[in-house]
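Report on one structure; see the data block that follows.
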Amino acid sequence: MKVRVDPDLCAGFGICVGLCPEAFELHDDGYATVLVGEVPAEFEDMVHRAVDRCPARAIFLVDDSSVD
């Protein structure tokens, strides 16, 4: 599973970082970035929660078949 943060939508709430710091961090500009290319299986549930709880709806799961 892959995940991405849309920088145009991210408002820097940091909920994703609080839920899964292994997959997300707040960059120096205050917006979230993804730390992993492929989300490890043990963090998938937390990443799903981050997607669901992002108030800005800036986090997306990426279909592996559409990624080059």
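The values are calculated or read from the model by the stated rules, or taken from the named source; none is laboratory data. Remember, it's a predicted structure, so these values are computed and weren't measured experimentally. Cβ: placed from backbone, ideal geometry, glycine included. Neighbour counts: every protein chain shown.
Brief remarks on what is shown
- Those residues of the range 21-63 which are over 12 Å from VAL5 (Cβ atoms), hydrophobic (A, V, I, L, M, F, W, C) and part of a helix (DSSP H, G or I), in sequence order: ALA41, PHE43, MET46
- Residues of the range 14-68 satisfying the condition of being touching a residue at least 60 places away in the same chain (Cβ under 8 Å) and of a type in the set (A, V, I, L, M): LEU61, VAL62, VAL67
- Test: residue in the range 1-8 that is without any contact (Cβ under 8 Å) to a residue 60 or more places away in the chain and either among the aromatic types (Phe, Trp, Tyr) or out of contact with any strand residue (DSSP E or B) (no Cβ under 9 Å at 6 or more places or on another chain) (or both): yes
- CYS10 vs. criteria outside any loop (DSSP other than H, G, I, E, B) and either on the phi < 0 side of the Ramachandran plot or surrounded by fewer than 17 Cβ atoms within 10 Å (Cβ to Cβ) (or both): no
- Filtered residues of the range 3-37 (kept if farther than 16 Å from ARG57 by Cα, charged (D, E, K, R) and at pLDDT 95 or above): GLU22, GLU25
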